[in-house]
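Asks: Take a look at the following structure, please.
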C-alpha cells in the first residue's frame, strides 16, 4: 500500500512523498557498552500486521523495540549498528526529526504510566506539544481515541479527575489512547499486559485485534497463548552466546503450525522457554 | 536463652532507645518553659511586645525586632536558595552531561558538611566588605541572607534533586516516546508536579535557617532594630541568645530562655507542617 506523508528527515517543509510502507531492519545490532543485547536481526514488519516477538528474558526483545523508535539514544553508552528503514527512509543515518518519528511510531510500556494529571490532559498535553491548539480538534480527538480503546463509557463523566484514580487496565488503555491520539502508523508494545489482571489483559488483547485494521503493531510478550491469539506474524528471539538473536520469523500460522527450526517447535509446544 | 526470649530482650532495648530519643525533645521543651517562667511572671508577656526595644540593662525586653530579624533573614535565605535549587536540579537532570552533574552534586554535598563558623568567617572577610562597597556599613541583612542561602542550599537541592529524579524516572521515557520536547516535559509535567516538594523544601529550609546562629552572628551586625533596607544590620533571636547568655543574670537570663522557647515552637510548627505534607504525599 502506498501512502502520502511527511518525511522523517529535515527540513520539515519538504513536500510529502509517496513511499511504500513498512519497517525493515537489516543486520541490526544493539550494544550496551561492549556487551551486545542482540546481534544481526533482520526483520520486516508489514503494514496492518500484528507481529509478536517472543522469547526468554534477556534475549533483547525490549531493546529491539527501543531501537525501532530510537529511544535507545537516551540510554547512556547504548550503540545501534545495522540499518532500520521506515518506509524506505533510514532511521539511523543523518539527522531525523524526532518529533515526526515519535508521532509516527508510538510506544506502550510494560507498566501503565499515565501522567499525574487529569484523564483529559493525559490525551491533550502531548497533542498541544505537537502544535494542536484548537479546542474543537482537541476535544474531537479526545473522544475519538477514548471510544477507540473502549474507555469512553467508563470515564466520560470524570474526564477531569486524576488519571491515577483509574484501575491498572484502564490506565494501560488510557496510555494506548494517548499514543493513538497522535495518529501513529506503528505501535510498539512492550509486554502491554504483563502488569494486568486476566480480565484487563483480555480487554487489551481485544483492542490489539481491533487496532490491527488501522495500525501496524509490534507486541513483545512472554505469554505464549496470548501470542497465538493475537499474532498475524511471529518472531522468536533466543539467547545464544550471551547475546540475543533471531531464531525464526514468519506468518503466525507457519511459526506456530509448522516451524522450520527445532527450537521454535519446542518453544511453541511449551517445552522450552 | 530461647529465641523468643532473645527477641523479647532485643525489643526491650529497642523500645528504650526509641523512647529516649522522643523523651529528650519533650524534656528540652519543658526545661525551656520552666526557665522562662520567671521572665513571664516578672516581666509579663505584654512587655515582650510593648517595650521600646531589647536592651536588658535598662529592662527593655521587646522580642519583636529580634523575631522580625530572624524571620526576614530566613525568608530571604529561602527566597535566595529555592530558585537556585530548582534551576540547578533541572540543569543536572535534563541538560548537564553526567560528569558535570555528578561533580556539581558532590560539591553541594560537600557544602552541607562545611561548619557554619567557616561560612561566617568567609562572609566576614569576603562578603561583608563587598556589601560595604555597594552600601555601608557592610554587616547587614543582605549579607546574612546570602550566607544563610548558601548554607541551606544543600537541604533544598537534595530534596528537589530527589523529586526530579523520581518524576523523570517515572515519566521521561513516555514523554520522549510521545515526541514531547524536553522543555515541553519540564513545563507541562515536571514543574507542576514539583510544587509539593518545593513546599516541603521551603519549610525545611526555613526551619534550618531560623535556628542558624554562628554565621549569622558574624555577618549581620547584631544591632537591635527593625531594618528599613537590606543594607541595615539586624540581630536575630539566636544571635541574641549567643551574645547575651554569657553575662545574663536572673530575669534577663530567663527572658533569653523565653526567646529560646519561641524559637523552639516556631521550628516545631515548621517541621511538623513539612512532615504532614510529606506523609500526605506518600
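The values are calculated or read from the model by the stated rules, or taken from the named source; none is laboratory data. Predicted model only: the values in this text are computed from it and were never measured. Glycine also receives a Cβ, built like all others from the backbone with ideal geometry; neighbour counts cover every protein chain displayed.
For every residue, the table says whether it meets (1) touching a strand residue (DSSP E or B) at 6+ places or on another chain (Cβ under 6 Å); (2) under 29 Å from residue B:129 (Cα atoms); (3) at pLDDT 95 or above.
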site	(1), (2), (3)
B:172	no, no, no
B:192	no, no, no
B:197	no, no, no
B:203	no, no, no
B:219	no, yes, yes
B:227	yes, yes, no
B:255	yes, no, no
B:271	no, no, no
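Asks: Moving to a separate point now. Please indicate, with yes or no, whether at least one residue in the stretch A:59-70 is touching a helix residue (DSSP H, G or I) at 6+ places or on another chain (Cβ under 7 Å) and on the phi > 0 side of the Ramachandran plot.
Replies: Looking through the stretch A:59-70, at least one residue is touching a helix residue (DSSP H, G or I) at 6+ places or on another chain (Cβ under 7 Å) and on the phi > 0 side of the Ramachandran plot.
Asks: Moving to a separate point now. Among the residues that make up the stretch A:147-157, is at least one of them within 14 Å of chain B (Cβ to nearest Cβ), surrounded by fewer than 16 Cβ atoms within 10 Å (Cβ to Cβ) and more than 19 Å from the chain's Cα centre (by Cα)?
Replies: So the first thing to find is which residues in the stretch A:147-157 are within 14 Å of chain B (Cβ to nearest Cβ), and the list is none.
No; the residues of the stretch A:147-157 include none that is within 14 Å of chain B (Cβ to nearest Cβ), surrounded by fewer than 16 Cβ atoms within 10 Å (Cβ to Cβ) and more than 19 Å from the chain's Cα centre (by Cα).
Asks: Still on this structure, please answer the following. Among what's in the stretch B:5-58 and is in contact with a helix residue (DSSP H, G or I) (Cβ under 8 Å, 6 or more places away or on another chain) and not in a helix (DSSP H, G or I), pick the residue that is surrounded by the most Cβ atoms within 10 Å (Cβ to Cβ).
Replies: Here is the first cut: in the stretch B:5-58, the ones in contact with a helix residue (DSSP H, G or I) (Cβ under 8 Å, 6 or more places away or on another chain) are B:28-29, B:32-33, B:35-40, B:42-43, B:48-49, B:53-54, B:56.
Okay, now just the ones that are also not in a helix (DSSP H, G or I), so B:43, B:53-54.
Working: B:43: 19, B:53: 14, B:54: 22.
Result: B:54.
Asks: Among the residues of the stretch A:80-102, are any at pLDDT 90 or above, over 17 Å from the mean Cα position of the chain (by Cα), surrounded by 16 or more Cβ atoms within 10 Å (Cβ to Cβ) and at negative phi?
Replies: Yes, the stretch A:80-102 contains a residue that is at pLDDT 90 or above, over 17 Å from the mean Cα position of the chain (by Cα), surrounded by 16 or more Cβ atoms within 10 Å (Cβ to Cβ) and at negative phi.
Asks: Of all residues being over 9 Å from residue A:163 (Cα atoms) and more than 8 Å from chain B (Cβ to nearest Cβ) in the stretch A:110-120, which is surrounded by the most Cβ atoms within 10 Å (Cβ to Cβ)? Just the residue, please. Spell out the reasoning first.
Replies: To start, the set of residues in the stretch A:110-120 that are over 9 Å from residue A:163 (Cα atoms) comprises A:110-113.
Filter again for more than 8 Å from chain B (Cβ to nearest Cβ), leaving A:110-112.
Values: A:110: 16, A:111: 15, A:112: 23.
Taking the candidates together, the pick is A:112.
Asks: Scan (1) at pLDDT below 90; (2) closer than 24 Å to residue A:66 by Cα; (3) away from chain B (no Cβ under 14 Å); (4) not in a loop (DSSP other than H, G, I, E, B) for the single condition residue A:194 breaks and write down its number.
Replies: Status for residue A:194: all satisfied but (4).
Asks: Could you count how many residues in the stretch A:145-158 are without any contact (Cβ under 8 Å) to a residue 24 or more places away in the chain and in a helix (DSSP H, G or I)? Please lay out each step first, then the result.
Replies: At the first step, the residues of the stretch A:145-158 found to be without any contact (Cβ under 8 Å) to a residue 24 or more places away in the chain are A:147, A:152-154, A:156-157.
Next, from what is left, pick out any that are in a helix (DSSP H, G or I): A:147, A:152-154.
Residues flagged as without any contact (Cβ under 8 Å) to a residue 24 or more places away in the chain and in a helix (DSSP H, G or I) within the stretch A:145-158 amount to 4.
Asks: Separate question: Determine whether the stretch B:132-150 contains at least one residue that is exposed (fewer than 15 other Cβ atoms within 10 Å of the Cβ) and either at pLDDT 95 or above or part of a helix (DSSP H, G or I) (or both). If you could, list the steps in order and put the result at the bottom.
Replies: So the first thing to find is which residues in the stretch B:132-150 are exposed (fewer than 15 other Cβ atoms within 10 Å of the Cβ), and the list is B:133-137.
Restricting the remaining residues to those that are either at pLDDT 95 or above or part of a helix (DSSP H, G or I) (or both) gives B:133-134.
There is at least one residue in the stretch B:132-150 that is exposed (fewer than 15 other Cβ atoms within 10 Å of the Cβ) and either at pLDDT 95 or above or part of a helix (DSSP H, G or I) (or both).
Asks: Scan the stretch A:32-61 for residues that are touching a strand residue (DSSP E or B) at 6+ places or on another chain (Cβ under 7 Å) and surrounded by fewer than 18 Cβ atoms within 10 Å (Cβ to Cβ) and report the count. Talk me through it step by step, then tell me what you get.
Replies: Start the filter on the stretch A:32-61 by keeping residues that are touching a strand residue (DSSP E or B) at 6+ places or on another chain (Cβ under 7 Å), which leaves A:32, A:36-56, A:58-61.
Then keep just the ones that are surrounded by fewer than 18 Cβ atoms within 10 Å (Cβ to Cβ); that gives A:32, A:40, A:42, A:44, A:46-48, A:56, A:58.
Total satisfying the criteria: 9.
Asks: Does at least one position in the stretch B:191-211 carry a residue that is within 14 Å of chain A (Cβ to nearest Cβ), crowded, with 22+ Cβ neighbours inside 10 Å, in contact with a helix residue (DSSP H, G or I) (Cβ under 8 Å, 6 or more places away or on another chain) and in a helix (DSSP H, G or I)? Give the steps one after another, and end with the answer.
Replies: Within the stretch B:191-211, the first condition is being within 14 Å of chain A (Cβ to nearest Cβ), and the residues that meet it are B:191-197.
Within this subset, residues satisfying the condition of being crowded, with 22+ Cβ neighbours inside 10 Å are B:197.
Pick out the ones that are also in contact with a helix residue (DSSP H, G or I) (Cβ under 8 Å, 6 or more places away or on another chain) and you get B:197.
In the following step, the residues that additionally are in a helix (DSSP H, G or I) were identified as B:197.
Yes.
Asks: Among the residues of the stretch A:195-204, is there at least one that is touching a strand residue (DSSP E or B) at 6+ places or on another chain (Cβ under 6 Å), surrounded by 16 or more Cβ atoms within 10 Å (Cβ to Cβ) and touching a residue at least 40 places away in the same chain (Cβ under 8 Å)? Spell out the reasoning first.
Replies: Within the stretch A:195-204, the subset touching a strand residue (DSSP E or B) at 6+ places or on another chain (Cβ under 6 Å) is none.
Looking through the stretch A:195-204, none of the residues is touching a strand residue (DSSP E or B) at 6+ places or on another chain (Cβ under 6 Å), surrounded by 16 or more Cβ atoms within 10 Å (Cβ to Cβ) and touching a residue at least 40 places away in the same chain (Cβ under 8 Å).
Asks: Give just the number: which of (1) away from chain A (no Cβ under 14 Å); (2) buried (at least 21 other Cβ atoms within 10 Å of the Cβ); (3) touching a helix residue (DSSP H, G or I) at 6+ places or on another chain (Cβ under 7 Å); (4) on the phi > 0 side of the Ramachandran plot does residue B:222 not satisfy?
Replies: Residue B:222 satisfies every listed condition except (2).
Asks: Among the candidates B:177, B:185, which residue alone is in contact with a strand residue (DSSP E or B) (Cβ under 6 Å, 6 or more places away or on another chain) and within 14 Å of another protein chain (Cβ to nearest Cβ)?
Replies: Working: B:185 fails: in contact with a strand residue (DSSP E or B) (Cβ under 6 Å, 6 or more places away or on another chain).
Exactly one of B:177, B:185 is in contact with a strand residue (DSSP E or B) (Cβ under 6 Å, 6 or more places away or on another chain) and within 14 Å of another protein chain (Cβ to nearest Cβ), namely B:177.
Asks: How many of the residues making up the stretch A:121-144 are away from chain B (no Cβ under 11 Å) and buried (at least 19 other Cβ atoms within 10 Å of the Cβ)?
Replies: Qualifying residue count for the region: 2.
Asks: What pairs can you find where one residue is in the stretch B:78-107 and more than 14 Å from chain A (Cβ to nearest Cβ), the other is not in a helix (DSSP H, G or I), and their Cβ atoms are less than 8 Å apart, with a gap of 6+ or different chains?
Replies: B:86/B:194; B:104/B:96
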